[in-house]
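> Sending over a structure as structure tokens; questions will come in a sec.
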Amino acid sequence: MSDSTVTTSAPAFELSRLSKTFYPLIPWHRHRAVTAVSELTLNVPRGIVFSLLGPNGAGKTTTIKLLAGLILPTQGSISFFDEKGRLLARRPRIGAVLEGSRNVYWRLSPMENLYYFGEINGIPRSEIRRQAKELLSMFDLADKANSSVQTLSRGMQQKVAIALALLGDPDLLLLDEPTLGLDVESARLIKRRLRHLVEERGKTIVLTTHQMELAATVADRIGIMQEGRLIAEDKLSNLISFFRKQDYEVEMPRASWKEVRPAASALSFDEEECDEEDCVRVTFHLEDTNDFYRLMTHLKEQGAPLRSIRQVTPTLEDVFIEITRRYRTNATDTAQAQGGEVK
Amino acid sequence: MTQLLRLLQAEFIRTLILRWRYPLELLTGLTVMYLIFLGLFLGARSLVGETTGFELSLSGFIVSYLMWFFAISAISRLTYSIEVESSQGVLEQIFLNYPRYLLLQYVRGFVDFIEGLVFIAALLGLIILTTHRMLTMDWASAGPVALVVILTVVGLQGFGFFFGGLALLFKRIGQVGGVLQFGFFLLAYLPVERMSVVGQQLLYCLPLTQGIRLLKIALVDGRPIFASANLGMLAGLAANSACYILLGSAFFLLCEKKAKIDGRLGQY
Ligand SMILES: Nc1ncnc2c1ncn2[C@@H]1O[C@H](COP(=O)(O)OP(=O)(O)OP(=O)(O)O)[C@@H](O)[C@H]1O
Ligand SMILES: [Mg+2]
């Protein structure tokens, strides 16, 4: 998918044909190698939330860890840039929340964890002192600040991990499913915080999630991965308008639909039961505006009493499902065309 | 340099907090070490009887025992902490915050050594109370003894890096650690001096043996370590430890790289 808007801001980092294949340690298991990331080329500008989506095993976590330097790539490169757009020689300071694990010392308290990692990170001590307090109270952990992490609830532990990622004000944040296990309030707080960091402080955030709603509300740009490949990458609004169809959803009494139906048979539609009795919900998939007028004429001719009519805008979830479905059928077609086996 | 001092401080504080919060672990450790010693001591006495021979070798016995403690702690600390930290994801957090992991492990080794000294002081106190045996040591030999202990521990920790590296790759290698502890126990008590020349050469290539030999000269025989007759041995110990720490570190770095290639820093 091509990007119609030119991004003028400087890049935060650039992935260039980045690939990662995991080979088993045992030599005679090498045929079981897994290519987790394949030829990933991506340019993420500074000051945005970039959300990486994809089904399980798509390679999101691997991409995050490659960015963080926790995994070395098999091929390709990662370049980081400073705020003036100059190439950095080394990886800048990165704050990260990694998937599923708490990534903190369980036997230390949240406060002690913040101090320990702040110290070894080389963050000025006065900053650690100020920020540790601020972060813990921001995440409602002030009264748990001194109890050991293992006695905290799962969601609280996740919040400690997020606080730790924010410590020291890193320019780049990598968040792998950060809201996993968080309650509604905390998830909201984090959304707001992320927008604040990006808009007011110019931070760059890469976030993976399976919660489409989260991605749709915080992300500026969205990348969709599948089988290690980046199969779509664009602004959220572009993705949605690309898939926007002339879909109209009409609800009417069952009897009226029976009369309209023969006339409408030239149009493509799906019908289903409404929540109310004796009512049908019909979704018309129209080609263009003329189709819309034609539909209206049919309805008018039959004098159908409509209960409701609305245009259907696709959600990010619809777009996601559509894109991954298309990719899958394409992959299958190619495989079949090449005489290959379909997995 | 200041960053190194901050690491050192952070590690000291972390250790103190953990010891304070979980005092039982330390007390259990001390009790177990003491009971093992007691068992050996009483067993040996009932075998040999309270002869002068037994009296003479008791000091050597104690020296070997204390040095054995350094051997186990050097090996088990690194492997155990890597096992635990990688399963909790802390290892990844450490790499995010301080990527020069080997350096951090040197600092931790130092903190561990200091902690070990405190532990040993307590253990020695108990042993002296039980056996009524003081080690012969005057202030003049304190410096040389400290030097030998430090050199020996450096070698042991270097040896530990081999297993730390393997732990980065294979995680659960705790069982190997158990076998090694036993191996070092044998090594600490083997009468190397009475073996064939080839046997001696081989055993002195291992860590621990040379250190114990030098310590016995000072603490059992009461002779000075810095005498010209012993300087060769001292140089040998230094070379031995340097080899272990260099090779161990190099191997550890290789394993670290391999772990990053295979994505094994996390709990995968
Ligand atoms: N360290 C590793 N060793 C071997 N294979 C791995 C390793 N890490 C990931 N993989 C494999 O790489 C592929 C991508 O995994 P990854 O964790 O990046 O997916 P993901 O997009 O994060 O999935 P999820 O949505 O389930 O979190 C998977 O097939 C996985 O089994
Ligand atoms: Mg993942």
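> Answer yes if at least one residue in the stretch B:139-157 is of a type in the set (Gly, Ala, Ser), in contact (Cβ under 8 Å) with a residue 24 or more places away in the chain and touching a Ser or Thr at 6+ places or on another chain (Cβ under 8 Å), and no otherwise. Lay out the reasoning, then the answer.
Residues of the stretch B:139-157 of a type in the set (Gly, Ala, Ser): B:140-143, B:146, B:155.
The next check asks that each one be in contact (Cβ under 8 Å) with a residue 24 or more places away in the chain; those that pass are B:140-141, B:155.
Remaining after also requiring touching a Ser or Thr at 6+ places or on another chain (Cβ under 8 Å): B:155.
Yes; the residues of the stretch B:139-157 include at least one that is of a type in the set (Gly, Ala, Ser), in contact (Cβ under 8 Å) with a residue 24 or more places away in the chain and touching a Ser or Thr at 6+ places or on another chain (Cβ under 8 Å).
> Now for a different question. Going by the conditions given, is B:Ile13 part of a helix (DSSP H, G or I), surrounded by 14 or more Cβ atoms within 10 Å (Cβ to Cβ), at negative phi and in contact with a helix residue (DSSP H, G or I) (Cβ under 7 Å, 6 or more places away or on another chain)? Talk me through it step by step, then tell me what you get.
Details: part of a helix (DSSP H, G or I): yes; surrounded by 14 or more Cβ atoms within 10 Å (Cβ to Cβ): yes; at negative phi: yes; in contact with a helix residue (DSSP H, G or I) (Cβ under 7 Å, 6 or more places away or on another chain): no.
No; evaluated as a whole, the condition is false for this residue.
> Here is a further query. A:Leu236 - would you say it is modelled with pLDDT under 90 and assigned by TED's automatic domain parsing to the domain that holds A:Leu66? Give the derivation first.
Working: modelled with pLDDT under 90: yes; assigned by TED's automatic domain parsing to the domain that holds A:Leu66: yes.
Judged against the criteria, A:Leu236 is a match.
> I would also like to ask the following. When the residues of the stretch A:202-211 are filtered to those that are within 13 Å of ligand 1 (Cβ to nearest atom) and not in a strand (DSSP E or B), which remaining residue is farthest from the other protein chains (Cβ to nearest Cβ)?
Per the stated criteria, the residue is A:Gln211.
> Take the residues in the stretch A:93-110 that are crowded, with 21+ Cβ neighbours inside 10 Å and more than 27 Å from A:Leu52 (Cα to Cα), then tell me which one is farthest from the other protein chains (Cβ to nearest Cβ).
Across the stretch A:93-110, the extreme among qualifying residues is A:Pro110.
> Let me ask another. Evaluate the stretch A:52-73: report whether one residue or more is farther than 21 Å from A:Arg17 by Cα and facing chain B (nearest Cβ under 7 Å).
Looking for residues that are farther than 21 Å from A:Arg17 by Cα and facing chain B (nearest Cβ under 7 Å), one finds none in the stretch A:52-73, hence no.
> From the residues in the stretch A:149-197 that are acidic (Asp, Glu) and outside any loop (DSSP other than H, G, I, E, B), which one is farthest from B:Gly266 (Cα to Cα)? Talk me through it step by step, then tell me what you get.
Of all residues in the stretch A:149-197, those acidic (Asp, Glu) come to A:169, A:171, A:176-177, A:183, A:185.
Okay, now just the ones that are also outside any loop (DSSP other than H, G, I, E, B), so A:176, A:185.
Numbers: A:Asp176: 14, A:Glu185: 29 Å.
The residue in question is A:Glu185.
> Which residue, of A:Arg90, A:Arg102, A:Arg86, is within 30 Å of A:Leu18 (Cα to Cα), within 16 Å of ligand 2 (Cβ to nearest atom), of a type outside the set (A, V, I, L, M, F, W, C) and free of Cβ contacts under 8 Å to residues at least 60 places away in the same chain? Give the derivation first.
Working: A:Arg90 fails: within 16 Å of ligand 2 (Cβ to nearest atom); A:Arg86 fails: within 16 Å of ligand 2 (Cβ to nearest atom).
When all the criteria are applied, what remains is A:Arg102.
> Something else about it: Give A:Ile64, A:Ile48 a once-over and let me know the one that is closer than 26 Å to A:Asp171 by Cα, in contact (Cβ under 8 Å) with a residue 60 or more places away in the chain, within 13 Å of ligand 2 (Cβ to nearest atom) and touching an Asp or Glu at 6+ places or on another chain (Cβ under 7 Å). Reasoning before the result, please.
Numbers: A:Ile48 fails: within 13 Å of ligand 2 (Cβ to nearest atom).
One residue alone meets the criteria, A:Ile64.
> Please verify whether the stretch B:183-190 includes one or more residues that are more than 16 Å from the chain's Cα centre (by Cα), under 23 Å from B:Ala239 (Cα atoms) and modelled with pLDDT under 85. Steps first, answer last, please.
Going residue by residue through the stretch B:183-190, those that are more than 16 Å from the chain's Cα centre (by Cα) are B:190.
Okay, now just the ones that are also under 23 Å from B:Ala239 (Cα atoms), so B:190.
Filter again for modelled with pLDDT under 85, leaving B:190.
Scanning the stretch B:183-190 turns up at least one residue that is more than 16 Å from the chain's Cα centre (by Cα), under 23 Å from B:Ala239 (Cα atoms) and modelled with pLDDT under 85.
> Residues that are within 16 Å of ligand 1 (Cβ to nearest atom) and over 16 Å from B:Ile75 (Cα atoms): which helices (runs of 4 or more DSSP H) entirely in the stretch B:167-268 hold 3 or more of them?
Values: elements: B:174-189, B:197-205, B:209-219, B:228-261.
Here the list reads B:228-261.
The values are calculated or read from the model by the stated rules, or taken from the named source; none is laboratory data. Small disclaimer: the values here were computed from a predicted structure and weren't measured. Please note: Cβ atoms are built from the backbone with ideal geometry, for glycine as well, and neighbour counts cover all protein chains shown.
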